[in-house]
Amino acid sequence: MKLRIKGNAIRLRLTKTDVKHLEAYGMVAEHTDFGNAVFNYSLQKKIMQENLTASLKENHLTVFISEKSLEELVLTDKVGVNDTQQSENAGGLFLLVEKDFKCLD
């Protein structure tokens, strides 16, 4: 899984293996070790949720995906799902989860 952040936009790109893992376990995670700290990020299925949402706590970014959106990614040819999480900032936080099947796994 790749993470891309630009301004108020977060994009997660999933390989085929990531999509299979997400389907089987309800989550996929990665981390980056800076030596003095570790940054973790994950995509997790969240039951009883309609939209993509994100949370940042203690060096861990979590993007939550609904069951419906997860099924769309896994069971269809749909390339991605997106949403905007409202915040105090104008425009909110744009979230995008997409398949990156052209990339090497």
Original post:
Could you work out the helix-only [θ] at 222 nm for the chain, with each DSSP H run of four or more residues adding -39,500 (n - 2.57) and the total divided by the number of residues, to the nearest 500 deg cm²/dmol?
Top reply: -5000 deg cm²/dmol
**OP:** Give the carbon-plus-sulfur fraction of the accessible surface of the chain in %, rounded to a whole number; probe 1.4 Å, heavy atoms of protein chains only.
**Re:** 50 percent
Original post:
Taking the inverse of the average 1/r across all pairs of different Cα atoms in the chain, what Kirkwood radius in Å do you get?
Top reply: 14.1 Å
Original post:
If we count chymotrypsin sites (Phe, Trp or Tyr not before Pro) as exposed when they sit in a DSSP loop and have at most 13 other beta carbons within 10 Å, what is the longest stretch of the chain that avoids them all?
Top reply: 35-100
**OP:** Take the chain, connect every pair of alpha-carbon atoms lying under 10 Å apart with a spring to form a Gaussian network, then pick out the residue of 57, 16, 78 with the largest mean-square fluctuation.
**Re:** 57
Original post:
Most mobile of 70, 12, 93 per a Gaussian network model of the chain (Cα springs, under 10 Å)?
Top reply: 93
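The values are calculated or read from the model by the stated rules, or taken from the named source; none is laboratory data. As the structure is a prediction and not an experimental result, all values here were calculated from the model. Every residue, glycine as well, gets a Cβ built from its backbone with ideal geometry; the counts of neighbours run over all protein chains shown. Keep in mind that these areas ignore ligands, DNA and RNA; they rest on the heavy atoms of the full protein, side chains included. Shrake-Rupley method; radii C 1.70, N 1.55, O 1.52, S 1.80 Å.
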